[in-house]
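Asker: Below is a structure I'd like to ask you about.
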Amino acid sequence: MPITDDQPSASGSNGRTRLRLGFSPCPNDCVVFHALVHDPSLTDLRFEVVLDDVEALNTMATARALDVAKISYHAAAHLLPHWALLPSGGALGRGVGPLVVTREALPDLAGRLVAIPGPLTTATLLLRLAEPEARTTVLRYDRIMPAVAAGEVDAGLIIHESRFTYGEYGLRCHADLGAWWEVTTGEPIPLGAIAVRRTLSEPLQREVARAVHASVAAAFRDPAASAAFVAAHAQEMDGAVRARHIALYVNDATLDLGETGRRAAQRLLQAARRLHGLPESRLDPFVDWRPDPEGP
């Protein structure tokens, strides 16, 4: 049953708070949440897990049908009145951004039809900023490269592990939008964040933040622990690609954004607000919790 504003959480028969948690089946998310989902000693919270593509999660978060969700930073710019971001568990870094791929060299994308993985993805925000004259059509992220290869669209905006495999489709990289962002702003690119609904009590929000940080810390202590969980949800992905995916998207900023990551996130949120004409927000985007510097 969808969770509404007046039903932020539920209690199980043992009295423990149960929250509806949504994340993607991508390797980096499975690494991040493995301990949270599988280690009952990590927190007294319990989670009903929903696995779906990030754009589907953006949509569920917009409908407030989850309590904790992996969302795009682009979506976060629209959702901050109702959601706060965690300082751990997300995807941010350098050399991690989305790519635009084509079958053949193109001078630019003006008037060209580009397949995008969803209107609220951070990839689409970057495309709008860098190539404002491109036309777009939405496809699920794993359908984009086949569509480009088949000539159904002029170009494709690819995310996740597709950056490692587009050559297998005979495609070339037209533009690295993460690199464009880094050169333009000097900041790393914030892709996705873990968000918690603001209708949850502040102590509960902080406990979610602590538990997600602890889950990431557990992943760093024992990288092999989540291997079976990752493989189970990426059955069609080559093991070497899974390893490259995790190495790229699970990094120090996944454990803690730090001041650099928070500044980059604010920069991207501001760019999204300007693009969409969204009002300025006086709310702190982040949950009021920071990891103990003496911790793991």
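The values are calculated or read from the model by the stated rules, or taken from the named source; none is laboratory data. Here the structure is a predicted model, which means the values were calculated and not measured. Every residue, glycine among them, receives a Cβ derived from its backbone with ideal geometry; neighbour counts consider all protein chains shown.
Asker: Just to verify a result, which residue in the range 15-45, among those that are under 15 Å from LEU66 (Cβ atoms) and small (Gly, Ala, Ser), is surrounded by the fewest Cβ atoms within 10 Å (Cβ to Cβ)?
Answerer: Let us first name the residues in the range 15-45 that are under 15 Å from LEU66 (Cβ atoms), namely 17-24, 29, 33, 36-37, 45.
Adding the requirement that they be small (Gly, Ala, Ser) leaves 22, 24.
On the way: GLY22: 26, SER24: 21.
So the residue we want is SER24.
Asker: Of all residues in the range 46-81, which are under 17 Å from ALA265 (Cα atoms) and either surrounded by fewer than 17 Cβ atoms within 10 Å (Cβ to Cβ) or acidic (Asp, Glu) (or both)?
Answerer: The answer is PRO81, and nothing else.
Asker: Next question. Go through (1) surrounded by 14 or more Cβ atoms within 10 Å (Cβ to Cβ); (2) not assigned by TED's automatic domain parsing to the domain that holds VAL212 and name the single condition ASP292 misses.
Answerer: The number of the failed condition is (1).
Asker: Give the range 234-272 a look and list any residue that's under 14 Å from the mean Cα position of the chain (by Cα) and more than 18 Å from ILE194 (Cα to Cα), or say none.
Answerer: Once the filter is applied, which keeps residues that are under 14 Å from the mean Cα position of the chain (by Cα) and more than 18 Å from ILE194 (Cα to Cα), the range 234-272 yields only HIS245.
Asker: All but one of (1) within 30 Å of ARG263 (Cβ to Cβ); (2) in the same structural domain as ALA224 (by TED's automatic domain parsing); (3) part of a loop (DSSP other than H, G, I, E, B) hold for LYS70; which doesn't?
Answerer: Only one criterion in (1) within 30 Å of ARG263 (Cβ to Cβ); (2) in the same structural domain as ALA224 (by TED's automatic domain parsing); (3) part of a loop (DSSP other than H, G, I, E, B) is unmet by LYS70, namely (3).
Asker: Also, quick follow-up: List the pairs whose first member sits in the range 252-268 and is free of Cβ contacts under 8 Å to residues at least 40 places away in the same chain, whose second member is among the polar types (S, T, N, Q), and whose Cβ atoms are under 7 Å apart, counting only residues at least 6 apart or on separate chains?
Answerer: Pairs that qualify, where the first residue is free of Cβ contacts under 8 Å to residues at least 40 places away in the same chain and the partner is among the polar types (S, T, N, Q): there are none.
Asker: Would you mind finding the one in CYS30, CYS26 that is closer than 23 Å to ALA247 by Cα, at pLDDT below 95, in the same structural domain as ALA209 (by TED's automatic domain parsing) and not charged (D, E, K, R)? If you could, list the steps in order and put the result at the bottom.
Answerer: Numbers: CYS30 fails: at pLDDT below 95.
Going through CYS30, CYS26 in turn, the sole match is CYS26.
Residue-by-condition table, conditions (1) assigned by TED's automatic domain parsing to the domain that holds ALA272; (2) more than 30 Å from HIS82 (Cβ to Cβ):
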residue	(1), (2)
LEU125	no, no
THR137	no, no
ILE144	no, no
GLU152	no, yes
ARG163	no, yes
GLU168	no, yes
ARG206	yes, no
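Asker: Hey, another quick one. Could you list all residues from the range 134-186 that are aromatic (Phe, Trp, Tyr) and either within 14 Å of GLU104 (Cα to Cα) or crowded, with 21+ Cβ neighbours inside 10 Å (or both)?
Answerer: Once the filter is applied, which keeps residues that are aromatic (Phe, Trp, Tyr) and either within 14 Å of GLU104 (Cα to Cα) or crowded, with 21+ Cβ neighbours inside 10 Å (or both), the range 134-186 yields TYR141, TYR166, TYR169, TRP181.
Asker: Still on this structure, please answer the following. For the range 1-23, name all the residues that are at pLDDT 75 or above and over 16 Å from the mean Cα position of the chain (by Cα).
Answerer: Keep residues of the range 1-23 that are at pLDDT 75 or above, which gives 16-23.
Within the range 1-23, ARG16, THR17, ARG18, LEU19, ARG20 qualify.
Asker: Kindly check whether there is at least one residue in the range 137-156 that is assigned to a strand (DSSP E or B) and closer than 28 Å to ALA253 by Cα.
Answerer: So in the range 137-156, the residues assigned to a strand (DSSP E or B) come out as 137-138, 155-156.
Retained after the next criterion (residues that are closer than 28 Å to ALA253 by Cα): 156.
Within the range 137-156, one or more residues are assigned to a strand (DSSP E or B) and closer than 28 Å to ALA253 by Cα.
Asker: Please give the helices (runs of 4 or more DSSP H) falling wholly within the range 178-296 in which 1 or more residues are within 24 Å of ARG94 (Cβ to Cβ) and out of contact with any Ser or Thr (no Cβ under 9 Å at 6 or more places or on another chain). Give the steps one after another, and end with the answer.
Answerer: Values: elements: 202-221, 227-232, 239-249, 252-255, 258-276.
Counting at least 1 such residues, we get 227-232, 239-249, 252-255, 258-276.
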